[in-house]
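Computed from the coordinates by the stated procedures, all read-outs in this text should not be read as laboratory data. Keep in mind that what you see is a predicted model, and the values were worked out from it rather than measured. Cβ atoms come from the backbone with ideal geometry, glycine included; neighbour counts cover every protein chain shown.
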C-alpha cells in the first residue's frame with residue numbers, strides 16, 4: 001500500500017514517539033501543547049502506511065516577515081537511512097506548509113554527528129547519515145557551532161547511558177559506583193551535610209523562578225518567565241521534575257558539632273600517646289591531620305551559624321533544577337544555585353535525585369544537555385557534568401529549505417540589509 005502524510009491523533013503520535021530511538025522531550029505531545037500556549041501553531045504529523053505510523057514529528061510554525069517559519073525541533077522521528085521515506089515525509093511537510101503561508105522550513109534533528117571523550121578526543125567515526133539525507137533533497141546545512149545559546153536546542157550535549165546501571169539491578173550503590181571520582185566525592189559530602197531533596201508542587205514555582213532568576217542575573221543570561229515554568233508543570237505533568245535541594249541548618253550544625261567533638265577526643269587521645277612516645281613521628285602526623293579536620297568542622301559550624309542568621313530561617317533552598325522524562329531519556333533542562341550556598345554542593349544532590357528517578361522508571365539514557373563544545377578546561381559546566389562519567393556529543397546542526405523560494409530570497413536579502421544597518 002502507498003503511504004499517506006496525515007495529521008496524527010495524540011494517541012497515535014505518542015505510541016510511535018515514545019518508542020522511537022531518537023525520541024526526546026521536544027518530540028512529544030506535551031511539547032506541542034507547550035508550544036501552542038507560547039504562541040506557535042502546532043500539528044502532530046506523520047507518514048502512515050496500512051494504519052501504521054512510519055515517521056512522525058511535532059510540526060510548529062510562527063509568523064515572520066513575508067510568511068510563516070515552519071520548524072521541526074528535535075526531529076523528525078524517522079529512519080534517515082531510508083532516503084525514500086525522508087523524501088516523502090519532507091514532501092508532505094512542504095505541501096502542508098504551502099497551504100499555510102509557509103516561507104521556509106527549518107529542521108533541527110536530534111541526531112549525533114560526532115562523539116567525544118572527556119579529553120575532547122573523538123570516539124568512533126563521523127555519522128553523516130542525516131546530513132546526506134537532507135542535503136540530497138535541497139536543504140542548506142548549518143553545522144553545529146561551539147559556544148552557548150539559550151534560544152534553541154544546544155549544538156553540544158553531555159550524556160550518560162544508564163543501561164549498565166539498569167543491567168546491574170538499578171540500586172543506589174550501582175548508580176553511585178558508575179559516577180566519576182569527583183561526583184562520588186561531592187555526593188559523599190552532601191550525605192555528610194544532610195542535604196535534602198524534594199520535588200516541588202505548583203505553589204512552589206515562584207520560589208523556583210526566584211532561584212533561576214538569581215542565577216541568570218549573576219551569570220548574565222536570560223531566564224524563562226514564571227508562566228513558562230507553570231506551563232511546563234501543567235503540560236508535562238508527572239514527566240516534569242521541579243526539584244529543590246535544601247539545607248537544614250540546625251541539623252547540619254548538630255552533625256558538624258558531633259564530628260568536631262569526636263575529633264577533639266581523637267586529638268586528646270593522640271596527645272596522651274605522644275606524651276608517652278614523644279619521638280614517634282607517625283603519631284604527630286596523625287595528630288596534625290585530625291587537628292586540621294577539627295578546625296575545618298569549627299569553620300563550617302561558624303559559617304553555617306552566620307548563614308542561618310543572615311537567612312533568618314532554619315531551612316533554606318541552596319539549589320534546584322527542572323528535569324523532563326521521556327521513555328528514552330531523562331533530560332536536565334534548567335537549574336539554579338544560590339552562590340552563598342555553593343559550598344554545600346546542592347547541584348550534586350539534585351542530579352543524583354534525577355538519576356534515581358530515571359533508574360526507577362527504567363529510562364536508559366541521561367542527558368545533561370548543553371555544553372560549550374570546548375574541552376580546554378574553560379567550560380566549568382562541562383567539568384561539573386564530567387563528575388558523573390559520560391561523554392560529549394556534537395549534533396548534526398540545522399537544515400533550512402525554502403517553501404516559497406521567491407519570497408524567501410527577498411526575506412534573506414532584507415535580513416542582510418537590516419543586519420548591516
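Brief remarks follow.
- Shape of region 260-337, Cα gyration tensor, a/c cut at 1.5: oblate
- Shape category assigned to region 310-421 from the gyration tensor of Cα positions, a/c cut at 1.5: prolate
- Residue 251-residue 123 FRET efficiency (beta carbon distance; Förster radius 51 Å; 0.05 resolution): 0.70
- Per-residue ellipticity at 222 nm, computed for the chain from helices alone with -39500 (n - 2.57) per DSSP H run of at least four residues, works out to -14000 deg cm²/dmol.
- Cα gyration tensor, region 153-216 - rounded (a/c under 1.5), prolate or oblate: prolate
- Per-pair calculated FRET efficiency, R0 = 60 Å: residue 191 and residue 66 via Cβ, rounded to 0.05: 0.55
- Here the relative contact order of region 203-362, from alpha carbon pairs under 8 Å that lie six or more residues apart, stands at 31 percent.
- Sorted on the mean count of surrounding Cβ atoms within 10 Å across their residues, most packed first, peptides 379-385, 106-112 read 106-112, 379-385.
- Extension gain for residue 299 to residue 167 (0.36 nm times residue separation, less C-alpha to C-alpha distance): 43.2 nm.
- Estimated FRET transfer efficiency (residue 273, residue 182; beta-carbon r; R0 41 Å; 0.05): 0.70
- Here region 95-124 and region 350-420 have alpha carbon centers that stand 10 Å from each other.
- Paramagnetic label zone (point 7 Å from Cα along Cα-to-C-beta, residue 261; backbone N under 18 Å) in region 286-308: 294-302, 305
- Computed Rg/Rh of region 203-362, alpha carbon atoms with Kirkwood Rh: 1.16
- Debye log10 I(q)/I(0) at q = 0.11, 0.12 Å⁻¹ for the chain, Cα point scatterers: -0.92, -1.05
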